Amino acid sequence: MSTQTSAKPSTVVRREDLDPLCPHCEAEIPEIYTRKPKGSFGIGRAFVFFCPHCRKVLGFGAQWYPFIPG
């Protein structure tokens, strides 16, 4: 028998007054750098996203497009 909980849906709040923090150096990142990976490091990945301060990788993406919610 499975049990289900009645979870309240999350609320998305747009905050233009805040910049995200880098999970590595914890500096505010008002912009994120991107480039195409080189060599075997980037096989199957079209873009690598990284911090402009410490240059550590934030993630990979298959395509780049501006995401503008709501």
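Here is a check on your reading of the model: is residue 3 among the hydroxyl-bearing types (Ser, Thr, Tyr) and modelled with pLDDT of 90 or more? Explain how you work it out, then say what you get.
Details: among the hydroxyl-bearing types (Ser, Thr, Tyr): yes; modelled with pLDDT of 90 or more: no.
Criteria not met by residue 3.
Please name all residue pairs, on different chains or six or more residues apart, with Cβ atoms under 8 Å, provided the first residue is in segment 52-70 and is in a loop (DSSP other than H, G, I, E, B) and the second residue is at pLDDT below 65.
What qualifies is 62/45.
For (1) surrounded by 12 or more Cβ atoms within 10 Å (Cβ to Cβ); (2) within 23 Å of residue 15 (Cβ to Cβ); (3) modelled with pLDDT of 75 or more, each residue gets a yes or a no:
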site	(1), (2), (3)
26	no, yes, yes
32	yes, yes, yes
40	no, no, no
44	no, no, no
51	yes, yes, yes
60	yes, no, yes
66	no, yes, no
69	no, yes, no
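The values are calculated or read from the model by the stated rules, or taken from the named source; none is laboratory data. Remember, it's a predicted structure, so these values are computed and weren't measured experimentally. Neighbour counts are summed over all protein chains in view; Cβ atoms, including those assigned to glycine, are modelled from backbone coordinates with ideal geometry.
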